[in-house]
Amino acid sequence: MITLNDVKENLELKTLIASSQKQLNALGYTEHSIRHITIVSERAGKVLETLGYPEERIELAKIAGYMHDIGNGINRVDHAHTGAILAYEILKDMGMDAEKRTEIMMAIGNHDEQTGTAVSDISAALILADKSDVHRDRVVNTNLSTFDKHDKVNYAVTNADFKLDKEERKVTLNLTIDTKISPVLDYFEIFMDRTMMSKYAAKYLGIWFELIINDTKLL
């Protein structure tokens, strides 16, 4: 079986990850590179591991998380779809069998809130992992005076805990937001679609999604 470690060593993938961030830097987007994809990979795997899924499904979720944003190297628009196709071809060249690489393709192709939804266990885990990565470390722009709303909201998040409780069948995103930088309302203005996507992804897995901001349960 092709593993996450194998994927990380793929030169073509390394190049795509670097070019994706280069393009997003030019467009003024938040960080979608090694930091982000590593967090998403680990969280996606942890979701399925905690819920007792087989090791093979866990590894596929980790791979999907690590590869999910490579479509940004082509264009930010439709990056989920182009990234899914790129991932499929890379994994095919690496020798992964058709069924497994199709699962990864399907998850990546459905991770964007504008066009996707949870369609499998791997897809649902990827969505929960991806949409939970909100933090000031993602802000690439260093000039506070030129922050747009996305920069302000991400920079305002000083702590983000992502926790799973197998017994209570829930996943919790617990955020600390510095309201001197950005009001909580701005978080929902930008991230409401992502929040609802996370809720439905959790439902697909038979668990509950809980959102806590500044010690107040909001969902």
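Things to note:
- Shown in residue order for segment 144-149 are the 3J(HN,Hα) couplings computed by the Karplus curve 6.51 cos²θ - 1.76 cosθ + 1.60 at θ = phi - 60°: 4, 5, 10, 4, 8, 4 Hz (x for Gly and Pro).
- Under 29 Å from residue 92, Cα to Cα: lysines that are on another chain or at least 8 residues apart: 8, 14, 22, 46, 62, 100, 131
- Candidates 102, 15, 38, ranked by Gaussian network fluctuation over the chain, Cα under 10 Å, top entry: 15
- Selected from 201, 80, 26 as most flexible by GNM, with the chain as the system and alpha-carbon contacts under 10 Å: 26
- Where labels lie 7 Å past Cα in the beta-carbon direction, separation of residue 38 and residue 184 in nm: 3.2
- Ranked 68, 36, criterion: other C-beta atoms within 10 Å, fewest first: 36, 68
- With 0.36 nm allotted per residue and the present C-alpha distance subtracted, the residue 99-residue 56 stretch has 14.3 nm of extension available.
- With a Förster radius of 45 Å applied to the beta-carbon distance between residue 148 and residue 14, the computed FRET efficiency rounds to 0.95.
- Only helical runs count toward this figure. For the chain, summing -39,500 (n - 2.57) over DSSP H runs of n ≥ 4 and dividing by all residues gives -17500 deg cm²/dmol at 222 nm.
- Length-normalised contact order of the chain in % [C-alpha pairs under 8 Å, at least 6 apart]: 18
- FRET efficiency for the residue 219 to residue 168 pair, using the beta carbon distance and R₀ = 22 Å, is estimated at 0.90.
- Trypsin sites (Lys or Arg not before Pro), loop per DSSP, at most 12 other Cβ atoms within 10 Å - longest free stretch of the chain: 1-165
Any read-out appearing in this document is the output of simple, stated calculations on the displayed coordinates, not a laboratory observation. Just so we're clear, the structure is a prediction, and the values are computed from it rather than from any experiment. Every residue, glycine among them, receives a Cβ derived from its backbone with ideal geometry; neighbour counts consider all protein chains shown.
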